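Everything on this sheet refers to the single structure shown next.
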Amino acid sequence: METDVYRTIEVASEGIYKEKGSRFISLAYPVMSEDEIRRIISCLKEEYYDARHRCYAWRLGVNEMYFRTNDDGEPSSTAGKPILGQIQSNALTNILIVVVRYFGGIKLGVSGLINAYREAAADAIANAKIIEKTIDDQLRIQFSYLAMNDVMKIVKEIAPDVLERNFEMACEMLLAIRQKDMPNLRNRLEQVDSLVFLDESNRKK
């Protein structure tokens, strides 16, 4: 896979796994930040207040190092870790999976729990639409009115996303483009007289 592309899910999805009376309801969400993750988990704790466990795993970013798991009272590594395993085996990121367990009265044992949480997470992923997204960099530029035609010609040819534009006092634009295409955009803009870069690219994922 290219280094400026990652896999995630398009919209939230659900799955379920049943074993010996216990129900494992899995809920997967595309996420962009820990704050968003905390809000979702807080809402799910209220919605599923009567569940025995609400275990989860998440991963953010593209370096595969930013993740967390939570067993929520289940034996250590029997819930969050197998959920994370499904995220990893499907090469997904910017995703949260929560598995809500309603206890059925029969203990499943360590291996049974691991299998249940793994299968529940797998079902949520199977029911999701997996998409590829690019990592975009942002560039804020300022230029004179005399340079407007030159700048707009470059914007038209290279086609970055124009996130902001302000032509009231000075001409200013905030552009976003796929990471691998940023050097070309920047090199072209450097040739425009009077154009300055107001800040360096801030990566958004």
Search result, residues across the range 164-203 that are buried (at least 16 other Cβ atoms within 10 Å of the Cβ), outside any helix (DSSP H, G or I) and within 27 Å of the chain's Cα centre (by Cα):
M173, L174, L175, A176, I177, R178, S201
Check off (1) more than 30 Å from G21 (Cβ to Cβ); (2) hydrophobic (A, V, I, L, M, F, W, C); (3) open to solvent by 60 Å² or more (accessible area, probe 1.4 Å); (4) at pLDDT 95 or above for A126 and give me the number that stays unchecked.
(1)
Hey, does the range 15-23 have a residue that's buried (at least 17 other Cβ atoms within 10 Å of the Cβ), in contact with a Pro (Cβ under 8 Å, 6 or more places away or on another chain), in contact (Cβ under 8 Å) with a residue 60 or more places away in the chain and not in a loop (DSSP other than H, G, I, E, B)?
no
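I need a count of the residues in the range 24-50 that are more than 12 Å from the chain's Cα centre (by Cα) and surrounded by fewer than 19 Cβ atoms within 10 Å (Cβ to Cβ). Give the derivation first.
Within the range 24-50, the first condition is being more than 12 Å from the chain's Cα centre (by Cα), and the residues that meet it are 24-27, 35, 38-50.
Cutting the leftovers down to surrounded by fewer than 19 Cβ atoms within 10 Å (Cβ to Cβ) gives us 35, 38-43, 45-50.
Of the residues in that region, 13 qualify.
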Among (1) part of a strand (DSSP E or B); (2) open to solvent by less than 40 Å² (accessible area, probe 1.4 Å), Q142 falls short only on (2)
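The values are calculated or read from the model by the stated rules, or taken from the named source; none is laboratory data. Everything numeric in this text was worked out from a predicted model, so none of it was measured. Positions of Cβ are backbone-derived with ideal geometry, glycine not excepted, and every protein chain shown enters the neighbour counts. Ligands, DNA and RNA are stripped out before the accessible areas are found, and what is left, the full protein with its side chains, is counted by its heavy atoms. Shrake-Rupley method; radii C 1.70, N 1.55, O 1.52, S 1.80 Å.
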